[in-house]
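Asker: Starting off with a structure, shown below.
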Amino acid sequence: MENTDKDLKKLKIALGISENNDAQDDLLSLYLQDAEDELRLLLSIDSETPVPTSFTGIIRGAAVKKFNRFKNEGMKSYSQEGESISFTANDFNEWQSEIKQYRKDHTGAGEARWVNPYL
């Protein structure tokens, strides 16, 4: 999936940012690209192979998480006056089952194979 203006527009909708507000477009585009690159690693997809369109929402979701952590990237937890905030280390935790299923279906990852060294 190559990030397009349509992807950027949908990300802005998800974040509640006006379509006319382009002040953070470069940052949002970077977050989309970073999310796609990280997903490629998790799916074992090289840079030449397109990411399946079924993962578009996952890329956008991870970009939203990255944006919401902006300026708090290293924070694990925070508490002040009864409010508590914490971030997970992996933006893709909630989509692990989809990622594992893709890897199983397309790369064979997750399959255990026994090789008998005595044969």
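The values are calculated or read from the model by the stated rules, or taken from the named source; none is laboratory data. Just so we're clear, the structure is a prediction, and the values are computed from it rather than from any experiment. As a convention, Cβ positions derive from the backbone with ideal geometry for all residues, glycine included, and neighbour counts pool all protein chains shown. Each accessible area value is taken on the protein alone, full model and side chains, heavy atoms only, with ligands, DNA and RNA left out. Shrake-Rupley method; radii C 1.70, N 1.55, O 1.52, S 1.80 Å.
Asker: State which residue is modelled with the highest pLDDT when the search covers only region 49-59 and only residues that are more than 16 Å from Leu28 (Cα to Cα) and buried (at least 17 other Cβ atoms within 10 Å of the Cβ).
Answerer: Phe55
Asker: Given the options Asp7, Asp46, name the one that is in contact with a helix residue (DSSP H, G or I) (Cβ under 9 Å, 6 or more places away or on another chain), outside any helix (DSSP H, G or I) and either acidic (Asp, Glu) or open to solvent by 70 Å² or more (accessible area, probe 1.4 Å) (or both). Walk me through how you get there before you give the answer.
Answerer: Numbers: Asp7 fails: outside any helix (DSSP H, G or I).
After ruling out the rest, the residue left standing is Asp46.
Asker: If you don't mind, there's one more thing I want to ask. For region 73-119, which positions are modelled with pLDDT under 80, of a type in the set (Val, Ile, Thr) and surrounded by 10 or more Cβ atoms within 10 Å (Cβ to Cβ)?
Answerer: Keep residues of region 73-119 that are modelled with pLDDT under 80, which gives 73-90, 107-119.
Cutting the leftovers down to of a type in the set (Val, Ile, Thr) gives us 85, 88, 107, 115.
Correct list: Ile85, Thr88, Thr107.
Here's the yes/no breakdown for (1) assigned to a helix (DSSP H, G or I); (2) among the hydrophobic types (A, V, I, L, M, F, W, C); (3) modelled with pLDDT under 90; (4) surrounded by 13 or more Cβ atoms within 10 Å (Cβ to Cβ):
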{"site": "Glu2", "(1), (2), (3), (4)": "no, no, yes, no"}
{"site": "Leu11", "(1), (2), (3), (4)": "yes, yes, no, yes"}
{"site": "Ala23", "(1), (2), (3), (4)": "no, yes, no, no"}
{"site": "Gly61", "(1), (2), (3), (4)": "yes, no, no, yes"}
{"site": "Lys71", "(1), (2), (3), (4)": "no, no, yes, no"}
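Asker: Now for a different question. Which of the residues spanning region 25-43 are of a type in the set (A, V, I, L, M) and either in contact (Cβ under 8 Å) with a residue 12 or more places away in the chain or not in a helix (DSSP H, G or I) (or both)? Reasoning before the result, please.
Answerer: Looking only at region 25-43, we keep the residues that are of a type in the set (A, V, I, L, M), and these are 27-28, 30, 32, 35, 39, 41-43.
Result: Leu27, Leu28, Leu32, Ala35, Leu39, Leu42, Leu43.
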